[in-house]
Amino acid sequence: MNRTGSVGQLSSDDLLALRRVLSRYPIRLGIVFGSQVRGDAHLTSDIDPAVEFDEANDGSKIDARSSLIADMASALGRNAVDVADLGAMRPAVGKAAVENGIALVGSSDRAERYREAFARTETVPNRTRGERFEGVLDRIEKLV
């Protein structure tokens, strides 16, 4: 439940808190999307920010993402925060995030470039869950 006492949407205080947290990180674009923005969240719904980090290696992105999740959870007073990397999102989900989400950090031009890129790749067949998992393992292996 957010600070306004209502279930199903983020309050203006929540959005301000998210903006403040995002502004402390090397982020080019930050969007919040999902059920909390649509207004159909329930008691166990998480908050779904999607971000584009400044150029960094995968290891520093993982560290920054972990810290970002902790800082957002602390600022909002709840643990259900799921930060997605815009560059790694499935096209249909990324396109929906950019089209229907609330931009918190970054330019509308940058968001539009993502929307166009997601729209172009949306018609490409999605990888299977196993293929995506293999990709994650490959990235982890490069870090170790």
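Things worth noting here:
- Extension gain, A73-D40: 0.36 nm per intervening residue step, less the Cα-Cα distance, totals 9.9 nm.
- Sequence-distant residues sharing a close amide H with L29 (under 5 Å, placed H): E52
- Two-site FRET efficiency, Q9 against S107, from Cβ-Cβ distance with R₀ of 35 Å, rounded to 0.05: 0.90
- Label point distance in nm, R120-R19, each placed 7 Å from Cα along Cα→Cβ: 3.2
- Beta bridges per DSSP with both ends in region 12-123, % antiparallel, nearest 5: 75
All of the numbers you see were taken from the coordinates with simple rules; none came from a lab. On a predicted model such as this, the values are computed, not experimentally measured, just so you know. Note that each Cβ is placed from the backbone with ideal geometry, even for glycine, and that neighbours are counted across all protein chains shown.
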